[in-house]
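Novice: Mind having a look at this structure? Questions to follow.
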Amino acid sequence: MKKIILAAAALILAASSMKAQEPTSTWPYLYPEFTQGKIHMPDGKEKTGLYNIHLLQGKLHFIDGAYIREASSRDIFSVQIDSTVYICANTKMMRLLARNENGCVVKDTEIDVVALNSTGGAYGSSTSSVSTRALSSLEGIGASNSSSAINHMELRASKESGQVLPLIEKNYLVVNGMVICANKKDVTDVASDKAALNAFIKANKIKWKDPQSLLKLVDFISGQN
């Protein structure tokens, strides 16, 4: 009986911990803390630091002394945070799910603005005040005025006081310089031979939520365009 009670208590604590780690209106980040990572730049250089992904616009933020700043998307090819790799696609950081020599499949996680607006902003606040306050992007790399950035410890201290943010996830194909939402309509729109694409989808039984299955579409589009 004692073991059952302890196990139940552990589950409750784990659930509480998971809930506390959800992005909120005062901490609109993918990770509960800024986490050790490494940026890989287009010129081959690397830079280590403490990183997180701001969910409103998918930007990479980093710790600079006492402040949080935004990395320039043109300086990022990819970033590894813990064991997870994100690539910069359409100026947003998206999680790498699968890749080969022709391209890759990525996942975008962002704030569900439609759901947020349906609640009147951040659960009672106006949408305009949300976008200019807790959910706004922060100052970029190279900002000389540190007062225009946000103090890391002050923001961290307030994160538990915010409301949980609704999120939405979408998979994308990155191929031939294009970033294509992984659904039949969007993929068909970019296909040069739509009949061949439909036949390929049917023959290969493409699963739209399976990264390895979507990688077959990457190969197909790469050969078509």
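Novice: About its Cα centre, how strong a charge dipole does region 23-224 have in debye, to the nearest 20, once Lys and Arg get +1 and Asp and Glu get -1 at the Cβ?
Specialist: Charge dipole of region 23-224: 520 debye, to the nearest 20.
Novice: So, one more: From the residues Leu56, Pro166, Ala203, which one has its Cα farthest along the dipole of region 23-224 in the positive direction, the dipole being from +1 and -1 charges on Cβ of Lys/Arg and Asp/Glu about the Cα centre?
Specialist: It is Ala203, whose Cα lies furthest towards the positive end.
Novice: Amide H to amide H under 5 Å from Thr24: which residues, 5+ apart in sequence or cross-chain, H placed 1.01 Å off N in plane?
Specialist: Distant-sequence amide H within range of Thr24: Tyr29, Leu165.
Novice: Skipping prolines and chain starts, which residues have an amide H placed within reach, meaning under 5 Å, of the one on Gln57, given they are 5 or more residues away or on another chain?
Specialist: Under 5 Å from the amide H of Gln57 lies no amide H from a residue far enough along the sequence or on another chain.
Novice: A further question on this structure: Counting other Cβ atoms within 10 Å, keep those with at most 14, restrict to DSSP loop, and tell me which chymotrypsin sites (Phe, Trp or Tyr not before Pro) in region 193-223 are left.
Specialist: Trp208
Novice: On to the next question. Can you list the HN-Hα couplings for region 86-93, worked out from phi with the Karplus curve (6.51, -1.76, 1.60; θ = phi - 60°), rounded to whole Hz and with x for Gly and Pro?
Specialist: My calculation for region 86-93 gives 10, 10, 8, 10, 6, 6, 10, 8 Hz in order.
Novice: If Lys and Arg each add +1 and Asp and Glu each add -1, what is the summed charge of the other residues whose beta carbon sits under 11 Å from the beta carbon of Lys159?
Specialist: Taking every other residue near Lys159 into account, the sum is -3.
Bear in mind these aren't lab numbers, they're just calculated from the coordinates by the rules spelled out. Since the structure is predicted, the reported quantities are computational estimates derived from the model, not experimental observations. FYI the Cβ positions are ideal-geometry reconstructions off the backbone, even for glycines, and counts take in every protein chain you see.
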